[in-house]
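Rule-based calculations on the coordinates, nothing more; no lab input. No experiment lies behind these values; they were computed from the predicted model shown. Positions of Cβ are generated from backbone atoms using ideal geometry, with glycine treated the same way; all protein chains shown enter the neighbour counts.
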Amino acid sequence: MTPGDSSFAANRDAIFSMIQEFRLDEALGALQSICEIGSEPLAGLWHSLGSAFETSGRLFDAEIAYARAVEVDPSFAKAWNDLGVTFTLQGKDEQAEVAFRKAIGLDGSFRNPQVNLRDIEIRRRRSMAGKSKLKNSAEAEVLADHLHDDPQNGLIWLKLCREQAQEGNHRLAIKSIRKALKFSPHLAEAWFLLIDLYKEEENHKQMANTLRLLQQTRPESVQVWLRMADIFKELNQTAEATECVRRAVQMDPESALCWDAWATRLSEIGDQPGAMDALKHSLSLESVNSQGWTRLGIWRSRCGDFSDARTCFGMACVQDDSNVEAQVWLAKSLDKLGELDMAEKILFGLLEKQPGEARAWNHLGVIFRLRQRMELAEKCFKKALELLPNYPNPWYNLRDIYLQTGEHESAKSAMDSAASISGTRAARFESDG
């Protein structure tokens, strides 16, 4: 079935109504029936059904529905996360960990799976500490004997700290790591372990103080400086994060990784021209960087240079044909250049592989609107909202359609929906037009 297939849309709408009314077994049967007749089920519907099952306490059924959602659309990060949550609620931590890591791999900015994964790791650590308490105590005693013979050995203090942390004894672990750093102040691994211990205690002040002490040791590894920058950024200490990346670039000016990090840092502090120059230099040192070409293309698009942007996105897609963001932006650049046929072809190709990509549905709607095919455009925008309800851009685009067709009440309703999501009537996602 195609996006414009009326029978498919009718089935979809009917099933969604069943889910909203919690007629879950009926909805499940309807979705399975679509599969049996050879129609491709919507990942969004399977996900909605899973959420409803989970709300109803039917965890096994929720697991099945979420699993079908990611089977239909393997790039559906939220479905992977919710599948992991369902596994966790059933005590299946190993399967949950796989699902959460899959979600993180698909969307590194998605915080929920990161928090969920951390919870599993904390539970596992506590469990291991309880099960192996005698073993850990014996190992700690051996390390203590070594320290009696060599009390200034920083590496042994570091090993002792790990054993104590595994037992859940953070106070002793912190004391031991401080001893390790007293005798081996250039042991970067020890510094970061101390920071991790403070992080688990949510002691941000001590995390920052420890980072500044580490800076004073003047580490010789650019990786250490870049890692410090990430932690300073996490603590919202912008100046310190910027200085750490600057130091890394000064230490290794031929490192594409350092220049890429410098470009990211400059962009985050609002220096877009400097960020663009740094990214260009990074790509001159290492041209195989799909994400780098994507970021450069986005910046060129914002400057209105859509021809140059098209070249950048083309490079990104050639280097990584799974780079969804680059494909959506490439289609946008092509439509700005008037190449609507090529833009439409790229979006259809993307949706054939990943039918759950809301941004692609939204921009396909933009293409249809430019071609004055308003009915298809409206269906695409609604499809994007079905997949990503908190996505404001399709609402703005629906408003434009309704204004053009004289449906002023519908236009006002769409505008209100967009404003309630974005928080302002002027806001839009950066990835769309």
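Of note:
- Residues Thr264, Thr405 in ascending order of nearby Cβ atoms (within 10 Å, fewest first): Thr405, Thr264.
- In plain terms, the residue of Glu375, Glu357, Glu63 with the fewest other Cβ atoms within 10 Å comes first and the most crowded comes last, giving Glu375, Glu63, Glu357.
- Linear extension gain, Gln223 paired with Lys182, 0.36 nm per residue minus alpha-carbon span: 12.5 nm
- Remark: region 224-238, residue by residue, has Karplus-estimated 3J(HN,Hα) of 5, 5, 5, 5, 4, 4, 4, 6, 4, 4, 4, 8, 6, 9, 5 Hz, where x stands for each Gly or Pro and the curve is 6.51 cos²θ - 1.76 cosθ + 1.60 at θ = phi - 60°.
- In region 272-402, the alpha-carbon atoms span a convex hull of 104 Å³ per residue.
- Converting phi to 3J(HN,Hα) with the Karplus coefficients 6.51, -1.76 and 1.60 and the offset θ = phi - 60°, region 310-318 yields 4, 4, 5, 5, x, 4, 4, 5, 5 Hz in sequence order, with x at every glycine or proline.
- Measuring against 23 Å, Cα to Cα, the residue pairs Lys336/Lys412; Lys92/Lys199; Lys205/Lys233; Lys345/Lys383; Lys353/Lys379; Lys78/Lys336 contain Lys336/Lys412; Lys92/Lys199; Lys78/Lys336 as the ones spanning a longer distance.
- Multiplying the residue separation of Ser420 and Ser307 by 0.36 nm and removing their Cα-Cα distance gives an extension gain of 37.2 nm.
- Distance from the Cα centroid of region 69-125 to that of region 230-281 is 30 Å (rounded to whole angstrom).
- Remark: the Lys345-Glu26 segment gains 111.2 nm on full extension, using 0.36 nm per residue and subtracting the alpha carbon distance.
- For region 219-270, the Kirkwood estimate of hydrodynamic radius, built from reciprocal distances between every pair of different alpha carbons, is 10.5 Å.
- Span from the region 332-388 Cα centroid across to the region 179-203 one, whole angstrom: 50 Å
- Arranged from fewest to most other beta-carbon atoms within 10 Å of their beta carbon, Phe87, Phe76, Phe110, Phe60 become Phe60, Phe110, Phe87, Phe76.
- Cut-off 20 Å (backbone N to label point 7 Å along Cα→Cβ of Glu407), residues of region 348-374: 361-374
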